[in-house]
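Notes follow once the structure below has been shown.
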Amino acid sequence: MNENAFVRAVKTLEFDKIREMLIHSARTEGAKEKLSAIVPSADEVVVKRLQSETSKAKELIVLKGSAPFGGARDISEALDRAQRGASLSPKQLLSVASTLRIVASLNKYAGGRESLGCLAEYFGMLQENPFLEKKISAAIMSEDIIADDASDNLYKIRREMRKTENGIKDTLAKYTNGSQSKYLQENIVTIRSGRYVVPVKAEYKNEVKGLLHDTSASGATFFIEPLAVLEANNKLRELKSAEEDEIEKILVLLTEEVVRFALQLTMDCRVITDLDCIFARAELSFKLDASEPILGGMKRRIKLLRARHPLLPKESAVPISLEFGDAQSTMIITGPNTGGKTVTLKTIGLFAMMAQCGLHIPCDYGSCLPIFSNILADIGDEQSIEQSLSTFSAHMVNVVEILKSVDEDSLVLFDELGAGTDPVEGAALAIAILERIKALGAISAATTHYSELKLYAIEHDDVLNASCEFDVETLKPTYRLITGLPGKSNAFAISSRLGISDEIISRATELLKDENVKFETVLSRLEEQENSLEKEREAVKKAKAEAEKMLAEATEKARGIEERTEKEIARAREQANAILASARASSDFIFDTVNQLQKEKDKADAKERLEQSRAAVRSELRRADGLIYDASAEKDKEDEEYVLPRPLQKGDPVLIYDIKKKGTVISVEGKNAVVQAGIIKTKVKIKNLRLLDEPVVVEESVSKNAHVGDLRAGVKNEIDLRGETGDDAWFMVDRYLDSAITAGYQSVRLIHGKGTGALRAALWRYLRSDKRISSFRSGRYGEGDTGVTVVELTGKHK
């Protein structure tokens, strides 16, 4: 890019302010310094790579949060100093350790390389060095504190120092606490020039033998080192000197370790800086609510969808949409002052600069920008008294420099091209400049008030007209950009609303040339038609949004109905399985009865027992037949709460509802009843019993094994609870456990699936306090793993 033109464009397009926002998003000093010199790249490959890096960093921030750059310092100067032979200070060594900790944190943040995409190369170059980081951190506690165990010799020196200091304090305690305390200004021990002294009153200075080190500002206090601690103070000073020498040796040794890993540390520092720059671009993208633009390609066109200038408040900024380039390489923007023409120009130029620096732009996804070799702008009033330049001359100086730099890959922006001189000559000059730029193949946009440029755009297919809307009623611009339609300056309407008399406005209208009047009239009609069409478009858009909302709601309802239907089908399937199980149990009962009669056919009461068996078979068949034909009615009855017509008594015939077995009440115990069902005696909750009218025929001759097999035929050794909530699942399990115990199972399986583990946790909470359960565990390999719970039963009901 032309350097002078670029510097002017940075200022006029306010890219320097975007750069400041970017710098504030960076966390390390190295990144801030690098970003302060950021410039747009004209290399399409480089720009696309920068954009991909920014997008990937945004994705990582969404998934993992911000990258851990906190505490990173620029250690390049320290590394350079160490390589030249100088020892590093504790502060510099701590910065090296901090950098190594950040390297470790970034590697932990990265996790698996497969999710990093284009950033994998950066994270892959980071090398951890826990050896050096721990060695520095163990030796240096802070910038001015070296750890005692940084070396064995330092530990010995400091131990001797503490011993000597304690001896000095014990000796001086005789002065502060003994008979000589009357000579002291205060009963304290203090330090002067690195030696322990006592504060003696001026009038008693000769009573305390020793060396005078200092006096107070008033002269009332003499700070004297008693002779008794003179030698100990000398020894302490020697030890402090030895301590300083030992610390210097430690720093030299640590510096040598840093030099040994200098190449690796330099690489880490550069990678951290590069990554911070990338994540700073991503953070700025979030702040601006920006998106990645589509760059380059075969078509050279600018397409911005709902673009917002990044320096305007998001709440009040009016988005603009525009598209030009290719067949229409020039756009002419017209409209009243303060209507948003200049902001539109700046938005186009600023977005081009941001995109070519790897920054996302605040507009909707699908916006397109070419890659420009030059971004040239002449915006604003640059008149100069010192250089004797008028507004027109200043603009022309810029235009001359722009024309020297422009090429087919340039973007050129003009604000009020040809203004500041005779309107006729200015308009002709503006048209000639635009034609020259168009001939060179560049893309350009210009704002103007000249009607000649409006007509020029209408007459040429390769020039696009655009206008900024203005509300004459409120005298306020709407800041909406309308493409394909030239704008009116609205000078007469604005002047009239501001108080210029109708007489003056009428005279001004008469002075306008007929062709200008006709042109303005046509523009007014076009504006009215555009406004009408825009309202219709908004109405259609609103109706479409409402229709889409209704469709979404209908789809959601249909999905809900479908899910409920699937659940009903599943329940019906379970009920059908229960009916089939009952039918099998009935058939087994019939065959067992027939076999028993075959064996007893020679007995005297065989005929009577035959009739009883026939009655029992008919009863079983009627019960099975009723289950088959009244399945839907049975489901409704299950949901109803049954109430006994009277309290149960011993000898009452009852139906055990959940397993559909008849029995006789033997005794009633509170909320439970002991029931004889065939040869099995079981305790059942009263709410699970139904009182029968006919007596129960007990077949004592039916074998125990046959009866248990009959009960088990209707009860499986597992129950499927997948898709149920915790409370609903336990309700099902509670009933199922009673049935399983009655059927004689010692262990059963609860199938709850793996999922999030919430259903399993809810079931286990209930199982821990249930007396029917002796133990439970997760399924093993081949049993269903953690998706199944295996329950061992005690064989006793609640």
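The values are calculated or read from the model by the stated rules, or taken from the named source; none is laboratory data. If you're wondering where the values come from, they're calculated on a predicted model, not measured in any experiment. Note that we place each Cβ from the backbone using ideal geometry, even for glycine, and neighbour counts take in every protein chain shown. Calculation scope for accessible area: heavy atoms of the full protein, side chains included, ligands and nucleic acids excluded. Shrake-Rupley method; radii C 1.70, N 1.55, O 1.52, S 1.80 Å.
Residues that are of a type in the set (A, V, I, L, M) and in contact (Cβ under 8 Å) with a residue 24 or more places away in the chain within segment 179-209 comprise VAL197, VAL198, VAL200, VAL208, listed in sequence order. Looking at TYR109, TYR122, just one residue is under 16 Å from MET267 (Cα atoms) and aromatic (Phe, Trp, Tyr), and that residue is TYR122. Among residues of segment 443-462 that are open to solvent by less than 10 Å² (accessible area, probe 1.4 Å), those with a Cβ under 7 angstrom from a residue that is in a helix (DSSP H, G or I) and modelled with pLDDT under 90, sequence gap 6+ or separate chain, pair up as THR447/LYS341; THR447/THR342; LEU453/ALA427. For segment 647-682, the set of residues classified as under 60 Å from the mean Cα position of the chain (by Cα) and either of a type in the set (Lys, Arg) or over 28 Å from ALA578 (Cα atoms) (or both) consists of LYS660, LYS661, GLY670, LYS671, listed by residue number. Among the residues of segment 215-224, those that are open to solvent by less than 30 Å² (accessible area, probe 1.4 Å) and of a type in the set (Val, Ile, Thr) comprise THR221, ILE224.
Could you tell me which of the residues ILE719, ILE751 is surrounded by 19 or more Cβ atoms within 10 Å (Cβ to Cβ), of a type outside the set (Gly, Ala, Ser) and in contact (Cβ under 8 Å) with a residue 12 or more places away in the chain? Result of the check over ILE719, ILE751: ILE719. Of the candidates LYS209, LYS182, the single residue that is in contact with a helix residue (DSSP H, G or I) (Cβ under 7 Å, 6 or more places away or on another chain) and of a type in the set (Lys, Arg) is LYS209.
Among residues of segment 389-411 that are of a type in the set (Gly, Ala, Ser), those with a beta-carbon under 9 Å from a residue that is part of a helix (DSSP H, G or I) at least six positions away or on a different chain give the pairs SER405/ASN4; SER405/ALA5; SER410/ILE402; SER410/ILE437. Against the test of being surrounded by 15 or more Cβ atoms within 10 Å (Cβ to Cβ) and modelled with pLDDT under 90, the options ARG73, ARG113 yield a single qualifying residue, ARG73. Of the candidates THR164, THR171, the single residue that is open to solvent by 30 Å² or more (accessible area, probe 1.4 Å), β-branched (Val, Ile, Thr) and touching a residue at least 40 places away in the same chain (Cβ under 8 Å) is THR171. Among the residues of segment 417-430, the ones that are within 51 Å of the chain's Cα centre (by Cα) and surrounded by fewer than 23 Cβ atoms within 10 Å (Cβ to Cβ) come to 1 in all.
Residues that are touching a Leu at 6+ places or on another chain (Cβ under 8 Å), closer than 30 Å to ALA570 by Cα and at pLDDT 85 or above are absent from segment 691-709. Scanning segment 44-75 for residues that are among the small types (Gly, Ala, Ser) and in contact with a Ser or Thr (Cβ under 7 Å, 6 or more places away or on another chain) returns GLY71, ALA72.
With LEU227, LEU265, LEU275, LEU251 as the choices, which residue is within 30 Å of ILE157 (Cβ to Cβ), touching a residue at least 12 places away in the same chain (Cβ under 8 Å), open to solvent by less than 30 Å² (accessible area, probe 1.4 Å) and not aromatic (Phe, Trp, Tyr)? That would be LEU251, the only listed residue that is within 30 Å of ILE157 (Cβ to Cβ), touching a residue at least 12 places away in the same chain (Cβ under 8 Å), open to solvent by less than 30 Å² (accessible area, probe 1.4 Å) and not aromatic (Phe, Trp, Tyr).
Is there a residue in segment 367-380 that is modelled with pLDDT under 90, of a type outside the set (A, V, I, L, M) and open to solvent by 10 Å² or more (accessible area, probe 1.4 Å)? Yes, segment 367-380 contains a residue that is modelled with pLDDT under 90, of a type outside the set (A, V, I, L, M) and open to solvent by 10 Å² or more (accessible area, probe 1.4 Å).
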